[in-house]
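Structure record follows, encoded as structure tokens.
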Amino acid sequence: TYHLHSLHEISDKLPRDKSLYILAHDVPEEFPLHNHSYYEMCYCCKGAAINCVNGKKLIQHTGSLYLLHPDALHSITRLSEECVLINLDFHPQHFQQFKALLELSARDSDALSDGGYLYYNLQQLGRLQSTLATIVQEYVMHNYQDSPEVYDQLTDLFRQLARIPHSIHGPDKH
């Protein structure tokens, strides 16, 4: 379990030379408005939260995933007693290879490139959830470092995401 102050300390110390950083944490309190120097994939694996992105309140239920641009201003407030998120943080330079796998339309690519986000609902997609679990397991097995195995799984994850509906407007709005 991480507390807000320790998460901010960890976030401030993310290795700048790393292409990937993965952090699983609960949401015990509100995370104030912030942005990052990296792309963030935020997956809700338990509970629910409000992810306020660029002033728009978006509910994030178990099984939902947001992919946020570094300039996306966001805050998180839990809605359920237990809320657990997994963040996959990508260095912008390295993220571009994965972004290409999404095969986005010009509109969606512009939204993600202009401080925006993409929303995915993975609730009914067991294979995708399994791939996320494998990514975290491989990352831990390699002493919290990226590896060829992690990159293979990330490539698979982004190829799977390319085949499912997403939104630039939040849940249920395509």
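The values are calculated or read from the model by the stated rules, or taken from the named source; none is laboratory data. Remember, it's a predicted structure, so these values are computed and weren't measured experimentally. Note: ideal-geometry Cβ built from the backbone for every residue, glycine included; neighbour counts use all protein chains shown. Ligands, DNA and RNA are excluded from the accessible area calculation, which covers all protein heavy atoms including side chains. Shrake-Rupley method; radii C 1.70, N 1.55, O 1.52, S 1.80 Å.
General observations
- The chain, accessible surface, carbon-and-sulfur percent (1.4 angstrom probe): 50
- Solvent-accessible surface (1.4 angstrom probe) belonging to I22, in square angstrom, nearest 10: 20
- Helix-only [θ]222 nm of the chain, DSSP H runs n ≥ 4, -39500 (n - 2.57) each, per residue, nearest 500: -10000 deg cm²/dmol
- Local charge for I50 was computed over the other residues whose Cβ lies under 14 Å away, with Lys and Arg +1 and Asp and Glu -1, and equals +1.
- Unit Cα scatterers, Debye sum, the chain: log10 I(q)/I(0) for q = 0.14 Å⁻¹: -0.70
- One equal scatterer on each Cα of the stretch 114-162, no solvent, Debye formula: the resulting log10 I(q)/I(0) at q = 0.14, 0.20, 0.30 Å⁻¹ is -0.40, -0.72, -1.06.
- Averaging Cα coordinates gives a centre for the stretch 148-172 and one for the stretch 72-90; these two points are 18 Å apart.
- Averaged per residue, the chain has 50 square angstrom of accessible surface, using a 1.4 angstrom probe with ligands and nucleic acids left out.
- Charging the Cβ of each Asp and Glu at -1 and of each Lys and Arg at +1, and nothing else, the dipole of the chain about its Cα centre rounds to 400 debye.
- Compactness ratio for the stretch 77-146: Cα radius of gyration over 2.2 N^0.38 Å (N = residue count) comes to 1.33.
- Using heavy atoms of the protein chains and a probe of 1.4 Å, the accessible area assigned to H142 is about 60 Å².
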